[in-house]
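Just below is one structure, and these are the notes that go with it.
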Amino acid sequence: MYEHDVIVVGAGGAGLRAAIAAQEEGADVAIVTKLHPVRSHTGAAEGGINAALREGDSWEDHAYDTMKGSDYLGDAPAVETLCKESPKETMQLEHWGMAFSRDEDGRVSQRPFGGLSFPRTTYAGAETGHQLLHTMYEQLVKRGIEVYDEWYATRLAVSDEERPEDRTCHGVVAYDIQSGEIAGFRARKGVVLATGGPGQVYDHTTNAVSNTGDGVAMAYRAGAPMEDMEFIQFHPTTLPSTGVLISEGVRGEGGILYNAEGERFMYEHGYANNAGELASRDVVSRAELTEVNEGRGIEDEYVHLDMRHLGEERIVDRLENILHLAEDFEGVDGIEEPMPVKPGQHYAMGGVETDENGETCITGLYAAGECACASVHGANRLGGNALPELIVFGKRAGQHAAGRDLGTAKIETGKRGEFEVGEVETPVEPGEISGGEPGDVAADGGKAADGGATAELTPEECVERAVTDERTRVDALMSRDGTNHANIRAKVQKSMTRFVNVFREEEGLKQALRDIREAREAYQDVAVSDPSRTFNTDLIQTIETRNLLDIAEAITLGALVRDEFRGAHWRAEHQERKDESWLKHTMLSWNDGTPEVWFRPVVLEGEDKRYEPKVRSY
Ligand SMILES: Cc1cc2nc3c(=O)[nH]c(=O)nc-3n(C[C@H](O)[C@H](O)[C@H](O)COP(=O)(O)OP(=O)(O)OC[C@H]3O[C@@H](n4cnc5c(N)ncnc54)[C@H](O)[C@@H]3O)c2cc1C
């Protein structure tokens with residue numbers, strides 16, 4: 001068994017920042033990651049980091065824009081923390097050597113981004129995430145922080161008290177992709193999940209194949225609720241053939257959207273008469289699809305994003321990466337031609353429920369970055385607000401896990417404080433499917449495979465027990481004949497893209513839920529055909545697929561339950577935002593495989609003001 005004070009799972013922007021912060025507090029910290037740190041998906045971030053750095057701007061304006069962007073489903077204490085701390089954390093990156101783009105006078109450049117009232121997005125060309133990741137990785141190496149890379153975390157070691165709020169996380173179990181070893185990692189002080197987003201739930205996504213929502217699913221099965229999973233961001237400018245992202249930076253620099261009739265539809269069809277192309281992402285995505293659905297799309301599929309008028313010099317200076325992406329993936333020269341774009345899955349606003357210190361309701365378990373929901377994005381994330389989330393909440397989670405007192409959180413977690421038990425009619429019968437799989441004799445929720453209680457065990461014994469359970473599960477998956485995971489995964493991805501997309505209708509959502517439950521049934525018979533113990537991607541993807549099923553179900557169930565139109569969540573039958581009944585978060589708790597839905601009121605009270613919901617227009 002490996003042992004450290006703090007174990008961080010994931011080495012993207014959130015994980016690296018958490019590890020650095022925990023070490024600065026004096027903790028012995030290690031990172032467990034399925035990819036080498038600089039291969040993490042943060043490296044794909046293009047556009048920038050929002051931070052109120054300049055005269056004329058303020059964290060209060062940033063907070064106002066973020067609350068409005070969230071369609072009043074962001075929790076004000078988390079939003080204000082983000083906006084207050086982002087400038088300092090962005091400057092910290094600069095002091096560590098991050099190569100930000102600069103203006104003629106030497107100041108760090110800032111550009112406009114969708115939904116922002118001030119051009120406050122700092123950037124490094126169109127490779128902001130790459131620069132950020134490498135800058136923090138240098139700090140990791142300099143500090144000698146231990147990294148277990150190509151170790152795939154599969155299960156949390158959590159005690160099994162009845163109420164999740166009484167449980168403690170003692171560590172994590174991981175699988176060494178190189179050798180096939182399954183080992184326990186005991187965390188003396190805390191585990192920080194920083195495993196990124198779940199984009200692979202969809203088949204048209206800007207996310208990497210590694211983004212399978214592992215941390216969210218693991219935490220869910222261990223008892224930490226998932227929050228606001230129905231809110232998925234669809235980015236309006238992805239390349240149609242692959243889902244590769246064309247940064248919002250293009251529109252920030254002045255790029256224009258046209259339909260097949262050459263109309264600048266954002267204005268000409270009245271979708272956003274003030275902000276035009278720089279309206280919030282949900283608004284632009286819906287506008288594009290409306291154009292296509294009403295017959296004004298190109299090849300019935302996409303619209304054009306034109307940056308030719310910016311001129312070669314400016315494009316090469318600020319958006320060079322975009323030229324390569326358009327050329328490599330669509331064969332289009334962005335200096336000479338408009339680029340084809342359509343909406344694609346991009347970001348999950350929901351995730352593991354945490355407070356503004358990154359803590360979940362389980363003692364010793366933290367989450368930060370895209371896998372977490374603090375919640376700063378509510379029903380819709382503003383472009384450029386995820387990278388500051390990584391550095392602000394990654395740092396706070398790392399500090400808190402290492403033992404620093406950050407004060408009492410204002411956001412409650414778990415079934416504490418004010419909450420409402422959901423009276424939800426199950427729209428589709430769950431049937432007999434428990435959500436487990438062969439060999440997974442028990443849920444991951446701390447319950448031991450032999451049925452014994454883990455609450456009385458020492459922390460080391462709790463981790464050992466989880467290792468034994470995991471070995472049982474992997475042995476079962478590898479020693480039987482059965483179905484391959486690939487078809488199951490593909491079916492769910494297709495169904496999610498078809499039915500749980502930008503536009504959502506009740507019948508489609510119900511069909512998606514049926515498809516997911518059929519996939520769950522098929523998964524009961526899943527088996528790994530590759531018998532090797534080294535680099536067994538078949539095994540890894542089989543386990544990932546199980547995580548995707550839990551996440552897909554949560555997204556779809558949340559989408560069915562929330563019968564209103566808010567932010568990125570559009571419902572055909574419910575065309576209005578219902579503030580009287582829906583100023584609340586959708587919570588989902590693991591209940592032996594049948595998700596339990598409940599609700600928590602949104603916190604609109606900030607430090608010294610309340611963010612009153614207003615009509616959200618751009
Ligand atoms: C193409 C693209 C462009 C973007 N551009 C911007 C932008 O300009 N500005 C902005 O604010 N936001 C942007 N975003 C969003 C933002 O980049 C992401 O939300 C953010 O980088 C996620 O960081 P993370 O640290 O949470 O996760 P990631 O960077 O995805 O890292 C996840 C880590 O977890 C590890 N991991 C996962 N599962 C396991 C497991 N089971 N065991 C062990 N390790 C595991 C992985 O190895 C990886 O190291 C963009 C997103 C995309 C997809």
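Observations on the model:
- With the highest mean first, a sort of the peptides 132-140, 224-232 on other beta-carbon atoms found within 10 angstrom per residue produces 224-232, 132-140.
- Accessible carbon and sulfur surface of the range 220-284 relative to its total accessible area, %, 1.4 Å: 44 percent
- Here the label points at Arg610 and Arg416, each 7 Å from Cα along the C-beta direction, are separated by 2.5 nm in the simple model.
- Å² of accessible area per residue within the chain, as computed with a 1.4 Å probe and no ligands counted: 35 Å²
- With all protein chains in place and a 1.4 Å probe, the accessible surface of the range 459-577 carries 48 percent carbon and sulfur.
- Between Ser241 and Glu460, the modelled label-to-label distance comes to 5.8 nm, taking each label 7 Å out from Cα in the direction of the beta carbon.
- With a Förster radius of 41 Å applied to the C-beta separation of Glu94 and Ser529, the computed FRET efficiency comes to 0.25.
- Here the extension length gained between Glu162 and Glu518 equals 125.2 nm, from 0.36 nm per residue of separation less the Cα-Cα distance.
- The range 521-538 residues near the modelled Asp149 label - backbone nitrogen below 17 Å, point 7 Å along Cα→Cβ: 535
- Translational diffusion of the range 469-596, estimated by Stokes-Einstein from the Kirkwood radius over alpha carbon pairs at 10 °C in a medium of 1.306 mPa s, is 98 µm² per second.
- Contour excess over end-to-end distance, with Cα ends at Ile335 and Gln575 and 0.36 nm allotted per residue: 82.4 nm
- Here the simple spin-label model places points 7 Å from the Cα toward Cβ, and for Arg471 and His269 these points are separated by 6.0 nm.
- Whole-angstrom gap from the range 15-53 to the range 328-400, using each part's C-alpha centre: 13 Å
- Global geometry of the range 1-157, whether rounded, prolate or oblate, following the gyration tensor of its Cα atoms and the 1.5 cut on a/c: prolate
- Cross-link reach is defined here as a Cα-Cα straight distance under 21 Å, omitting same-chain residues fewer than 8 places apart; for Lys410 the lysines meeting it are Lys68, Lys84, Lys395, Lys584, Lys609.
- Expected-Rg normalisation [2.2 N^0.38 Å, Cα atoms] applied to the chain: 0.90
- If you plug the beta carbon distance of Asp481 and Arg107 into 1/(1 + (r/R0)^6) with R0 = 56 Å, you get a FRET efficiency near 0.30.
- Phe503, Phe535, Phe185, ranked by accessible area, largest first (probe 1.4 Å): Phe535, Phe503, Phe185
- Low-density loop positions, GluC sites (Glu not before Pro), the range 497-587 - DSSP coil, at most 12 other Cβ in 10 Å: Glu573, Glu576
- Three-way shape label, the range 37-104, alpha-carbon gyration tensor, a/c 1.5: oblate
- Loop GluC sites (Glu not before Pro), the range 160-224 (other Cβ atoms within 10 Å of the site Cβ: 13 or fewer; DSSP): Glu162, Glu181
- For q = 0.18 Å⁻¹, Debye-computed log10 I/I(0) when each Cα of the range 71-187 counts as one equal scatterer: -1.06
- Packing around the peptides 76-86, 213-223, taken as the average count of other Cβ atoms within 10 Å per residue, puts them in this order, highest first: 213-223, 76-86.
The values are calculated or read from the model by the stated rules, or taken from the named source; none is laboratory data. Predicted model, so just to flag it, every value in this text is computed and none were measured. Positions of Cβ are generated from backbone atoms using ideal geometry, with glycine treated the same way; all protein chains shown enter the neighbour counts. Quick note on the areas: whole protein, heavy atoms, side chains included, nothing else; ligands and nucleic acids left out. Shrake-Rupley method; radii C 1.70, N 1.55, O 1.52, S 1.80 Å.
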